[in-house]
1. Report the percentage of all Cα-Cα pairs in the chain whose separation exceeds 33 Å, rounded to a whole percent.
2. So how far, in whole Å, is the C-alpha centre of the range 283-331 from the one of the range 8-77?
3. Calculated from DSSP H runs of 4 or more alone, at -39500 (n - 2.57) each and per residue, what is the 222 nm mean residue ellipticity of the chain, nearest 500?
4. Leaving out ligands and nucleic acids, and using a 1.4 Å probe, what accessible area per residue does the chain come to in Å²?
5. Mind giving me the nanometre distance, one decimal, between the label points for D345 and E90, set 7 Å out from Cα along Cα→Cβ?
6. Where the accessible area of the range 188-299 is counted over protein heavy atoms with a 1.4 Å probe, how much of it, in %, is carbon and sulfur?
7. Given a Förster radius of 22 Å and the C-beta distance between R314 and K124 as r, what FRET efficiency does 1/(1 + (r/R0)^6) yield to the nearest 0.05?
8. For the range 99-179, which whole-number percentage of the solvent-accessible area (1.4 Å probe, protein heavy atoms only) is attributable to carbon and sulfur atoms?
Amino acid sequence: MIELKKPQIVILGAGYGGLVTAVRLQKKLNVNEAEITLINKHNYHYETTWLHEASAGTLHHDRVRYEIPSVIDQSKVKLVEDTVIEVNKEAKIVVCENNKEIPYDYLVIALGAESETFGIEGLKEYAFSISSVNKARHIREHIEHQFALYAQDKKEERLTIVVGGAGFTGIEFIGELANRVPGLCKEYDIDQKKVRIICVEAAPSALPGFDPELVSYAVARLEKKGVEFMIGTPIKGCTEEGIIVGKGEEETEMIPAGTVVWAAGVRGSSIIDKSEFENMRGRVKVEPTLLAPGHEDVFVIGDCSLVINEEINRPYPPTAQISMQQAEVCAKNIVALVRGGQLEDFEYKPKGTVCSLGDDDAIGVVFGKKLKGTSASIMKKIIDNRALYMAGGLSLMLKKGKFKFL
Ligand code: FAD
């Protein structure tokens, strides 16, 4: 008897989108129906939405990650620990660093985001970005190293930390930093007044698009902890010595700083450009079914995808929330393709947004209700725990979740 070849489903990236797709598919499909391969740079998944905590050093980086085999059924999903280099769409092959060529019948691209520096000179070379566990650990260690060096050479700029961008990531990182600094100063015998945390934002307000009353609350709370805001100030360049900001029409000012963290821009994975998918800054404007335009076998989800909010005719911001919702529909649509069913359209159902201001404070709008302070902070932890539950169920949530609510 001739055995028919099973369809090969290949998922690129084990972040929110890719991992949730994999765990849903392992439940929906049986081993005789398809072979599922999950390719990820590391054998662990990290909570990208917690990386600012690991970067500031308020949460150990091992708390932010867990091993992928702990949540996948390896009899159904084969994990390949490798780096994707490109997708050859014509040959239907994924090219990787070590395993070279992995063929697919159905592909899910969920490779997440990369830092976007908009061509600002020096940022790539001298500024950090909060974009992986290893980068987060590097930021934490760099800041500690600067504090340790200051204890010897007293160069005050070592104690200046500049954060480029007062968007979500920038503000969440600053909130953690502001909480970490008192402990760091105690550890390194440093007068806290000498430490500067400066947030530089080109837009006319922090957290553009967020409720103005909540933004004022956030800024006031962080200023009280010593954070300096330079709003409406563009970053013009970055050097080994610090950051160059625009002042008025033509003038610039150099702010010496031991640490510069760029948190003002992300784009989709460069693998998207390299693989020649039509894209805008590494993001593919997907069909309602989440297929890449012109393709019947390639789904793009998470930060690599672009979904338009029809109400305002602008793309939804890339978030973990939308990535996980897309993963649910993507898994259903792959099952439909394998079994010959009808594809479903993706419809985003925003539940709200919460921005932390450290472990003990936050702002947010959830199901249309404004929250700030402790209630928002509790809600943030519930959201964080829910993401764990979505990927690994109750056991993962109990193992890695955040349960210190007050
Ligand atoms: P990711 O979850 O980032 O996963 C991508 C995966 O692909 C990673 O495992 C990576 O290692 C892997 N990968 C990348 N390149 C390769 C390659 N070439 N080969 C193999 N593997 C590769 N969103 C919210 O909804 N709420 C928040 O509160 C929030 N806070 C955030 C705070 C911070 C500090 C940051 C940085 C982001 C935050 N976001 C938040 C955004 C959210 O994290 C992203 O939108 C979400 O992670 C996107 O999911 P994804 O599946 O597309 O990618």
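1. Working: 28688 of 82215 pairs.
For the chain, the share of Cα pairs beyond 33 Å comes to 35 percent.
2. The range 283-331 and the range 8-77 have Cα centres separated by 19 Å.
3. Details: 9 runs with 129 residues, N = 406.
My calculation for the chain gives -10500 deg cm²/dmol from helical runs alone.
4. 48 Å²
5. 3.5 nm
6. Result for the range 188-299: 47 percent of the exposed heavy-atom area is carbon or sulfur.
7. Working: r = 27 Å, r/R0 = 1.25.
It comes to 0.20.
8. Working: 1560 of 3430 Å².
Carbon-and-sulfur percentage of accessible area, whole number: 45.
The values are calculated or read from the model by the stated rules, or taken from the named source; none is laboratory data. The structure displayed is predicted, hence computed values, not measured ones. Here Cβ is always computed from backbone atoms with ideal geometry, including for glycine, and neighbour counts include all displayed protein chains. When the accessible area is computed, the model is the full protein with side chains, heavy atoms only, and any ligands, DNA or RNA have been set aside. Shrake-Rupley method; radii C 1.70, N 1.55, O 1.52, S 1.80 Å.
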